[in-house]
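Peer 1: Quick one: this structure, given as structure tokens, is what I'll be asking you about.
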Amino acid sequence: ATIVAAGALSLSFNICFLIVLPVTLDRSISVFMLAQIEQHQDEALDSRRITEIFVRKYVGDMRQMDRRIAEQTASGNIVTVDGHVRLTDQGHRFLALSRTLARLFGTDPRFVGLAPTAPPDALAASPH
């Protein structure tokens, strides 16, 4: 039992450090933003300027949409038909699972195509 537990623990650490951490860093807009703030210390940065840098570098220069399209095509979640990107049945199932997990863990619903839920105090303050 100890060997099985040690193996499971070792596997968990390997997954965490060799898969989850690199993928998180690779996809992290926050890490990108911090690096850009560091690289532009001599500028008076505000939210608007950081957004401009993000769009120009991350979306434009780094071609992140092309990268994600290639990745999701390889994963089987999308296909390109006559130059148009379409969701596959697998992609629909993945989104359904993602929406369930978003609700379960309270993550930002906008990332999975759900309408944001207003906080209870905002609902009470809105006129009917």
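The values are calculated or read from the model by the stated rules, or taken from the named source; none is laboratory data. Values in this document were obtained by computation on a predicted structure and should not be read as measured data. Reconstructed Cβ throughout: ideal geometry from the backbone, glycine too, with neighbour counts over all protein chains shown. Each accessible area value is taken on the protein alone, full model and side chains, heavy atoms only, with ligands, DNA and RNA left out. Shrake-Rupley method; radii C 1.70, N 1.55, O 1.52, S 1.80 Å.
Peer 1: Among the residues of the range 63-74, which ones are of a type outside the set (D, E, K, R) and at pLDDT below 95?
Peer 2: Of the residues in the range 63-74, the ones of a type outside the set (D, E, K, R) are 64-65, 69-70, 72-74.
Residues satisfying the conditions are Q64, M65.
Peer 1: Additional query: Determine if the range 104-120 includes at least one residue that is open to solvent by less than 60 Å² (accessible area, probe 1.4 Å), small (G, A, S) and modelled with pLDDT of 95 or more.
Peer 2: no
Peer 1: Please go through the range 61-100 and give me each residue that is among the basic types (K, R), under 26 Å from F32 (Cα atoms) and in a helix (DSSP H, G or I), ordered by number.
Peer 2: Step one: filter the range 61-100 for residues among the basic types (K, R), giving 63, 67-68, 86, 93, 99.
When the remaining residues are screened for being under 26 Å from F32 (Cα atoms), the result is 63, 67-68, 99.
Scanning the range 61-100 gives R67, R68, R99.
Peer 1: Restricting to the range 61-97, and then to whatever is small (G, A, S) and farther than 22 Å from P109 by Cβ, can you tell me which residue is most open to solvent (accessible area, probe 1.4 Å)? Let's see the steps before the verdict.
Peer 2: To start, the set of residues in the range 61-97 that are small (G, A, S) comprises 70, 74-76, 83, 91, 96.
Imposing the further condition that a residue be farther than 22 Å from P109 by Cβ reduces the set to 70, 74-76, 83.
On the way: A70: 61, A74: 91, S75: 60, G76: 25, G83: 66 Å².
Here the residue is A74.
Peer 1: Within the range 25-39, can one find any residue that is among the small types (G, A, S), in a helix (DSSP H, G or I) and closer than 18 Å to F111 by Cα?
Peer 2: Residues of the range 25-39 among the small types (G, A, S): 28, 30, 35.
Still in the list and also in a helix (DSSP H, G or I): 30, 35.
Then drop every residue that is not closer than 18 Å to F111 by Cα, which leaves 30.
Yes - at least one qualifying residue is present in the range 25-39.
Peer 1: Quick check on this structure: which one of S126, S47, S12 is more than 17 Å from the chain's Cα centre (by Cα), at pLDDT below 90, among the polar types (S, T, N, Q) and exposed (fewer than 10 other Cβ atoms within 10 Å of the Cβ)? Don't jump to the end; show me each part of the working.
Peer 2: Working: S47 fails: at pLDDT below 90; S12 fails: exposed (fewer than 10 other Cβ atoms within 10 Å of the Cβ).
Exactly one residue qualifies, and that residue is S126.
Peer 1: Might you check whether a residue that is open to solvent by less than 80 Å² (accessible area, probe 1.4 Å) and modelled with pLDDT of 90 or more occurs anywhere in the range 18-34?
Peer 2: Checked the range 18-34: at least one residue is open to solvent by less than 80 Å² (accessible area, probe 1.4 Å) and modelled with pLDDT of 90 or more.
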